[in-house]
Amino acid sequence: MTLARGKYGVLEMGFEQDSLGRTVLRHLHREVPLIVQQALYFDESLPTMACVYILSSGGPNLDGDRFEVEVELGKETMAHISTGAATVIASMEHDCARQRQSITLDEGAYLEWLPRPMIPCAHSRYGSTTELIVAPSATLIFSEVVACGRLHSGECFDYDDFSPSTLVCRPSGEVVVRDALRLIPSHHSPTHWALLGEHTHFGSVVIISPAKVTAQLYAELHPEVTEEFSLSVARLAEDAGLIVRLTGLGSERILRAIRSLCSLLRFHTKGVTLPREFPWR
Amino acid sequence: MCSDTSTLLSLFRLAWISDSAFPVGSFSFSMGLEGAVESGLVGDASTLEEYVVGLLYNAAECDCIALIEAFRAASNGDHSRLVDADHRLLSFKSSHEARAMTTKMGGRLAGLLRSICPTALTEEFYRWGAEGVTPTTYPVAQAVAGVALGVGERSLYAAHLYGVANTALSAAMRLMRLSHYTSQEILYRLSPLCEELYNLYGGLSIEDMTSFAPTLELALSLHERGKSRLFMN
């Protein structure tokens with residue numbers, strides 16, 4: 001495929017453990033507009049964990065953008081990956097924006113993938129495919145939070161198509177679970193009672209962890225439903241993990257709940273909880 | 001999309017396997033409605049109708065796509081494609097209740113077909129299920145039944161959606177104050193949705209299956225943790 005520079009973003013990251021037990025970003029290849037500068041070590045409870053923010057120099061995802069992201073975590077590595085800001089999907093006239101992600105966790109690896117929300121603008125079209133390959137002893141929390149649009153500009157589910165899909169499998173190829181949505185408001189309104197009802201934002205969280213951790217988490221997590229927020233938990237076959245769905249009237253409550261969930265997972269796998277979120281986040 | 005080749009005999013038999021009295025165990029499941037009623041998410045005929053609409057869309061975007069794929073695969077003798085559709089459908093069922101419902105009902109349908117109308121296909125499908133080659137989800141077992149009984153694709157599609165709506169409404173009769181009259185009114189009112197959903201989603205491929213219905217997922221989650229136990233989870 002030949003695309004103009006800046007339309008075909010590439011990001012490859014490979015994490016390994018160094019001789020001191022610290023996770024280092026051994027391989028980094030990036031092509032604009034995707035940017036990662038370096039791994040940081042700002043997490044006080046897990047100081048050997050690599051923390052990475054993915055940025056986009058182009059601002060929003062634009063018409064015709066194609067992004068490819070590949071992340072590999074080696075044995076016993078730990079990483080926390082987020083985005084610098086919300087990902088805006090801009091209005092489109094001719095085509096769509098697409099992203100393909102592949103994230104592989106080797107034995108004993110630990111990954112927190114907690115990006116800021118996605119905001120699909122009016123008449124935007126976005127599709128993504130994410131493949132999560134998780135070794136049986138590895139632990140992953142993978143989240144996505146999606147807004148209804150630029151609510152403060154009067155946009156609410158005015159996008160044309162928002163269709164991310166996730167496949168979780170083992171290194172052997174065995175499929176653990178698939179999670180996919182295709183939100184085309186002109187076909188089936190996201191405001192339908194069975195989808196989001198009066199809520200404007202949603203979050204999807206995939207947690208994959210060894211059976212003992214999954215069982216502990218499941219025992220401690222309970223579905224919630226109020227006028228402002230809901231949370232449901234589904235337990236995957238053979239305790240391979242959980243799918244948590246959250247909906248709400250804004251992203252803040254959902255992001256807070258996902259951080260609590262991540263903290264609980266970190267406690268059951270690493271024995272420590274998440275530090276307080278930075279005040280500017 | 002394809003033309004329907006159903007005959008009176010095949011339609012008679014489709015009505016037979018789609019009847020709630022046909023012993024596949026649909027009466028044991030509420031499709032999360034028990035949790036929804038217990039938590040107050042569903043409390044009257046209006047919210048019940050919304051719940052059933054949600055179930056129908058959810059079925060059209062997921063189960064019915066597997067049903068069509070499996071039907072076409074079985075019609076063409078493509079067994080590997082049939083088994084792939086079965087596995088793919090199960091991989092979208094993240095909740096325990098959804099997995100239990102589809103595999104229990106599918107397993108029973110496969111067993112009944114093998115005993116009552118043995119053909120090479122129904123025998124093989126049952127054997128694959130028993131040997132763990134295929135998970136025997138209900139829509140895929142229905143597709144096998146459709147091919148074995150000579151039912152057309154569109155008729156089978158309608159029968160599946162009818163089964164979804166009827167299972168939920170029958171459960172509702174046992175869970176909440178609802179007259180037979182009201183439940184049948186809901187079923188009648190929602191019947192045109194079948195054609196609409198087939199036109200919207202019937203042409204999608206197996207790659208296009210989705211499974212996103214947060215309120216229905218919440219109901220299943222509440223049911224797993226709830227105290228009320230009239231239905232299986």
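Quick note: the coordinates plus some simple rules give every number you see, no bench work behind them. Source: prediction; values computed, not measured. Glycine gets a Cβ as well: all are built from the backbone with ideal geometry, and neighbour counts include every protein chain shown.
So the values come out like this:
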read-out	value
Under the Debye formula (equal points on every Cα, no solvent term), log10 I(q)/I(0) of the range B:92-183 at q = 0.15, 0.18, 0.20 Å⁻¹	-0.66, -0.87, -0.98
HN-Hα J in Hz across the range B:109-122 - Karplus 6.51, -1.76, 1.60, θ = phi - 60°, x for Gly and Pro	5, 4, x, 5, 4, 4, 6, 8, 10, x, 10, 4, 5, 5
Long-range HN-HN contacts of A:I89 with modeled amide H, under 5 Å	A:N61, A:I119, A:C121
Over the protein assembly as shown: Rg over Rh, Cα atoms, Kirkwood Rh	0.98
Highest average packing first - A:25-36, A:268-279, Cβ atoms within 10 Å	A:25-36, A:268-279
Long-range Cα-Cα pairs in the range A:8-270 (distance over 32 Å), rounded percent	20 percent
HN-Hα J in Hz across the range B:78-92 - Karplus 6.51, -1.76, 1.60, θ = phi - 60°, x for Gly and Pro	8, 6, 5, 5, 5, 5, 4, 4, 4, 5, 5, 4, 4, 5, 8
Gaussian network model of chain B, Cα within-10 Å springs - most flexible of B:I17, B:I116, B:I206	B:I116
Inter-chain Cβ neighbour average for residues A:237-247, partner chain, 10 Å	3
Peptide ranges A:62-69, A:151-158 listed from the most packed, as the mean C-beta count within 10 angstrom indicates	A:62-69, A:151-158
For A:V177, residues with placed amide H under 5 Å, excluding near neighbours	A:V168
Amide proton proximity set for A:V71, modelled H, under 5 Å, gap of 5+	A:M13, A:S102, A:I103, A:T104
Whole-Hz ³J(HN,Hα) from phi, Karplus 6.51 cos²θ - 1.76 cosθ + 1.60, for the range B:126-131, glycine and proline x	4, 5, 4, x, 5, 8
Chain A, relative contact order in percent, only Cα pairs under 8 angstrom and at least six apart counted	12 percent
Hull shadow area, averaged, the range A:210-281 [alpha-carbon convex hull, nm²]	5.3 nm²
Centroid-to-centroid separation of the range A:128-148 and the range A:1-62 [C-alpha atoms, Å]	16 Å
Peptide B:178-185, shielding by other chains (average Cβ, 10 Å cutoff)	0
Debye log10 I(q)/I(0) at q = 0.16, 0.23, 0.26, 0.31 Å⁻¹ for the range B:158-200, Cα point scatterers	-0.42, -0.76, -0.89, -1.09
Alpha-carbon Debye profile of chain B, log10 I(q)/I(0) at 0.11, 0.12, 0.16, 0.18 Å⁻¹	-0.51, -0.61, -1.11, -1.40
Along each principal axis, Cα extent of the range A:14-110, largest first, Å	51, 24, 18
Partner lysines for A:K75 [C-alpha distance under 22 Å; skip if fewer than 8 residues away on the same chain]	A:K212, A:K270
Label-reachable residues, the range A:55-76, where backbone N falls under 17 Å from a point 7 Å from A:E31's Cα toward its Cβ	A:56-58, A:62, A:64-71
Peptide B:202-213 - average C-beta neighbours from other chains (10 Å radius)	4
